[in-house]
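Bear in mind that the values in this text are calculations on the coordinates, not laboratory data. Here the structure is a predicted model, which is why all the values come from computation and not from measurement. All Cβ positions, even for glycine, are placed from backbone atoms using ideal geometry, and neighbour counts span all protein chains on display.
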Amino acid sequence: MNTLAEPGLVDRVRARLAGSGDAASPAAVAAAVRAEAGGIASDVDVLAALQVLRQEFVGAGPLDELLRDPRTTDVLVTGPDAVWVDRGSGLERTDVRFPDDAAVRRLAQRLALAAGRRLDDASPFVDGWLADAGVRLHAVLAPVAVDGTCLSLRVLRPAAHDLTTLRSLGTLDATSEAIVRAVLAARLAFVVSGGTGSGKTTILGALLSAVDPAERLLVVEDAEELRPRHPHVVRLVSRPANIEGAGGVSLRDLVRQALRMRPDRLVVGEVRGAEVCDLLAALNTGHDGGAGTVHANSAREVPSRMEALAATGGLDRAALHSQLAAAVQVVLHMRRLPGGKRVLDVVGVFDRADHRSTDHRSTDHRSTYQRSGLAVVRPVWIRGVGWAEGRTALDELLRERGVGAP
């Protein structure tokens, strides 16, 4: 008897398990297979059926093998026969196939349930965190997704490189490594900027690993990624609300709690909302050496990006730029090159625009902007170019704190 070939087996086993209310363990699935096969299935048939049915009931189904690959950063499903993977060199299409869109939908709903979220016609999209798998989930159901259920899985692997390793990988060169070590030694506050997948978390983890072992690090994250090799780290991770909308713990809540836990350095894994207000307030009240990451296309765009985030927390433009210029001294901008290599592209310092000389006879946009008093980023070092105009400002910051300039 070929159990797998029997019409409707998967549907009948699914219905039996749903009706029993039992967890879809291998034993329960095997028992359901035997029952639905009339009790005459051989061990070989049961094992074969389990392999197929596991994709319906356990883990990420046919995507499991892709997610287990240590090179995988993203798995994207845009249709039953369109599964893509990014293994560090850009997206490539895989041979993985689903029977139909209903199978993709069932997988998306099961993963959403595992993340404690709701996904159905009344709530057709979801953003969640699969803690056991270390995967960030996003899904959109049809007809909102016109061509069928879309599923996006981002694999979040703990960043564990140190600065020496990053130097050997080409992420840093001799000069940029000396700069970031000096920034750490001087306890200057810094933000790491860059696009998605540019290596922001990787370099931040390496920098935190190089912090003086006597210091206490308070790390606040939306998803657990930072695991610095440091003897005194306290990690706090946010939690989304449950299906009923209760029990959520936001990054902003955690930043406030972290301030009461005697941090030597306060670190926000990714600044993405109103928590920027609390972080800047903390850095302006004696918490030197703090850090965080932020999405930005270039170092010079960091102030405007922070401005947009602060607006969600009720901080107006003038107040944000005033606090930003006073609280954060350095920007480290990461870039992902063609082929997947990640590099530190620019080191910059924050400055107040009205501190720079201006030709007041000029009426062009640049002159007006320089008189505005907004925070700006001045490049200190640029990959492939070398030292830039902001070097003097960085040297002054380092000297003020007793650290020699690189």
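Residues whose amide H comes within less than 5 Å of that of residue 349, counting only those at least five positions distant or on another chain, are 331, 378, 380 (H built at 1.01 Å from N in the peptide plane). One chain, two ends: residue 168 and residue 131. Fully extended at 0.36 nm per residue, the span grows by 10.2 nm beyond their Cα-Cα distance.
Couplings 3J(HN,Hα) of the range 61-77, computed from phi: x, x, 8, 4, 4, 5, 5, 6, 5, x, 7, 6, 10, 8, 10, 10, 10 Hz, in residue order, whole Hz [Karplus 6.51 cos²θ - 1.76 cosθ + 1.60, θ = phi - 60°; x for Gly and Pro]. As a rough footprinting exposure proxy, the listed residues 94, 202, 196 were ranked by other beta carbons within 10 Å of their own, and the order from fewest upward is 196, 94, 202.
With the simple model of a label 7 Å out from the Cα in the direction of the Cβ, residue 229 to residue 181 spans 1.5 nm.
Taken about its Cα centre, the range 62-157 carries a charge dipole of about 320 debye when Lys and Arg each add +1 at the Cβ and Asp and Glu each add -1 at the Cβ. Couplings 3J(HN,Hα) of the range 268-274, computed from phi: 10, x, 8, 7, 9, x, 5 Hz, in residue order, whole Hz [Karplus 6.51 cos²θ - 1.76 cosθ + 1.60, θ = phi - 60°; x for Gly and Pro]. Taking other residues whose beta carbon is less than 12 angstrom from the beta carbon of residue 311, and scoring Lys, Arg as +1 and Asp, Glu as -1, yields 0. The Rg/Rh ratio of the range 62-157, with both radii computed over alpha carbons and Rh defined as the Kirkwood radius, is 0.94.
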